[in-house]
Amino acid sequence: MKRKENLKKEKTKIPNQRKAQEENKKIVLAGCVPQAQPRQDYLKGLSIIGVQQIDRVVEVVEETIKGHSVRLLGQKKDNGRRLGGARLDLPKIRKNPLIEIISINTGCLNACTYCKTKHARGNLASYPIDELVDRAKQSFQEGVCEIWLTSEDTGAYGRDIGTNLPTLLWKLVEVIPEGAMLRLGMTNPPYILEHLEEMAKILNHPRVYAFLHIPVQSASDSVLMEMKREYCVADFKRVVDFLKEKVPGITIATDIICGFPGETDQDFQETVKLVEEYKFPSLFINQFYPRPGTPAAKMEQVPAQVKKQRTKDLSRVFHSYSPYNHKIGERQQVLVTEESFDSKFYVAHNQFYEQVLVPKNSAFMGKMVEVDICESGKHFMKGQPVSDAKVYTPSISKPLAKGEVSGLTKDFRNGLGSSGSHTSAASQCDSASSRMVLPMPRLYQDCALRMSVGLALLALLFAFFVKVYN
């Protein structure tokens, strides 16, 4: 009965899919959920792109439009070694032309009992350092001024290929232009402990944000053990205390799960004390939800009302302090990269990746600006540009226009305009078949690259008929 309830909850999370089916629209699903449980009833007959197959989206869209059901869920390998996923040098369109997001590895080394991602992405697979550095160089040549490194666990980078995160970061720092910035993604405590000294040096670098996202999840060792997090609260505190001492002003963000199976009132109070002690400026509070198929879903659950109340109590603690009030009056250098949700301000970040809102001035976008902090809120500060301060341009070239394809040479861009019709990259199959399996050739070689990008542009016409889930 409980399993049926969980499946019902999963289905309620995809109302757009059901609506599209009712309207007889074509659907392509992507992401961790379909990858981890491709045999669920609600996925029958739908096309699915696995987490490592996103580079083949054009093929899948084309075949789905023809009425075929395509499923690409395999793991990419090279001479038996598991690869990180799609190639880093594939053409793409950045959501923000000023920000490049680079995945440095996929999968992870942990086996957390509540996590669904591991089911989909498997064990750690890191991209080689030279490929990551090349991608960063290309990004700066296309006008990017900020790079985000991301993965399921950045701290574990390189353990599968004989290197480590600090080695990668020092190589990246060498190619970052003055004024441009690098932001690190999430790292779990176990894999950063042995690199604390080097990480502190890197986080003090003027072209690296003094920011790190380190999930604690709970301040109870017994809960962490049930989660199989592979560290204790003392390990987490050691990491945070060391970095706060060696990197003055560093921003530490963390995650907490309220109501994990078996969590007692005393366990929860330990978590509350941790938040009160460190006053994290960025805190992601999650009410535990049992993901179907995970070990935690089979454990004895904390009552829903208790989980809800603990979430509220911790949120109240988080909102009881103001992390930025003491910074009013400071003069800071901030990098402006986007517009606020309400379109009233530009959004910038200071050296500690703290959000600073500045007046909308087109001359500021993509620039490093000096401001005086004049106001603060729970999640932001407001800065008034210094009148006689120089506006610094970190980009080494003009950014791409919004929607422009990254990774193409000028000759290739010119060639797109004169290209004729394109042939489908999908393999030949029995047209009468309602299901097909595509082979796994190495795509995007010289002429295939031209063909696939052309198809990608064509596929945009079908955007309203294709639902892609991340």
Give the aspartates and glutamates whose C-alpha is closer than 15 Å to that of K92, dropping any in the same chain fewer than 8 places away, or say none. D55, E100, E142, E404
Cross-link list K244/K273; K118/K279; K66/K116; K171/K398; K201/K237; K118/K244: which exceed 26 angstrom alpha carbon to alpha carbon? K118/K279; K66/K116; K118/K244
For the pair V405 and A363, how long in nm is the line joining their label points, each one 7 Å along Cα→Cβ? 3.7
Accessible surface of the stretch 225-375 [probe 1.4 Å, protein heavy atoms]: carbon and sulfur percent: 50
Give a residue-ordered list of calculated ³J(HN,Hα) values for the stretch 52-57 (Karplus: 6.51 cos²θ - 1.76 cosθ + 1.60, θ = phi - 60°; whole Hz; x for Gly, Pro). 9, 10, 4, 6, 10, 4
Hey, how many Å between the Cα centroid of the stretch 326-355 and the Cα centroid of the stretch 150-180? 25
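On average, how much accessible surface per residue is there in the stretch 295-364, in Å², for a 1.4 Å probe, leaving out ligands, DNA and RNA?
On the way: 3880 Å² over 70 residues.
I get 55 Å² per residue for this part.
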Kindly provide the GluC sites (Glu not before Pro) of the stretch 165-251 that DSSP labels as loop, not H, G, I, E or B, and whose Cβ sees at most 14 other Cβ atoms within 10 Å. E174, E178
Towards the positive end of the charge dipole of the stretch 234-304, with charges on Cβ (+1 Lys, Arg; -1 Asp, Glu), say which of A297, F280, F260 has the farthest Cα. F280
Which of the aspartates and glutamates could be linked to K308 by a straight reach, that is with a Cα gap under 14 Å, when you skip same-chain ones fewer than 8 residues away? E263, D265
Counting other C-beta atoms within 10 Å, and keeping those with at most 13, which DSSP coil chymotrypsin sites (Phe, Trp or Tyr not before Pro) do you find in the stretch 295-366? Y321, F341
Short version: ³J(HN,Hα) in whole Hz for each residue of the stretch 377-385, in order, from phi by Karplus 6.51 cos²θ - 1.76 cosθ + 1.60 (θ = phi - 60°), x for Gly and Pro, what are they? x, 5, 10, 7, 10, 10, x, 9, x
Would you please give the residues with an amide H less than 5 Å from that of Y353, counting only those at least 5 places away or on a separate chain, with H modeled from the backbone geometry? A210
Heavy atoms only, 1.4 Å probe, whole protein assembly: order E404, E339 by accessible area, highest first. E339, E404
Which whole-Hz ³J(HN,Hα) couplings does the stretch 194-207 yield from phi under the Karplus relation 6.51 cos²θ - 1.76 cosθ + 1.60, θ = phi - 60°, glycine and proline marked x? 7, 10, 4, 4, 5, 5, 4, 4, 5, 5, 8, 5, x, 9
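Using the heavy atoms of the protein chains alone and a 1.4 angstrom probe, what is the accessible area of the stretch 212-293 per residue in square angstrom? Could you put the intermediate results ahead of the total?
Details: 3330 Å² over 82 residues.
Per residue, the stretch 212-293 has 41 Å² of solvent-accessible surface.
At a 1.4 Å probe, what is the % contribution of carbon and sulfur to the accessible area of the stretch 121-194?
The nonpolar share, carbon plus sulfur, comes to 45 percent.
The values are calculated or read from the model by the stated rules, or taken from the named source; none is laboratory data. Predicted, not measured: the structure shown is a model, and the values here were computed from it. Virtual Cβ from ideal backbone geometry, glycine too; neighbours counted across all protein chains shown. With ligands, DNA and RNA removed, areas are computed over all heavy atoms of the protein, side chains included. Shrake-Rupley method; radii C 1.70, N 1.55, O 1.52, S 1.80 Å.
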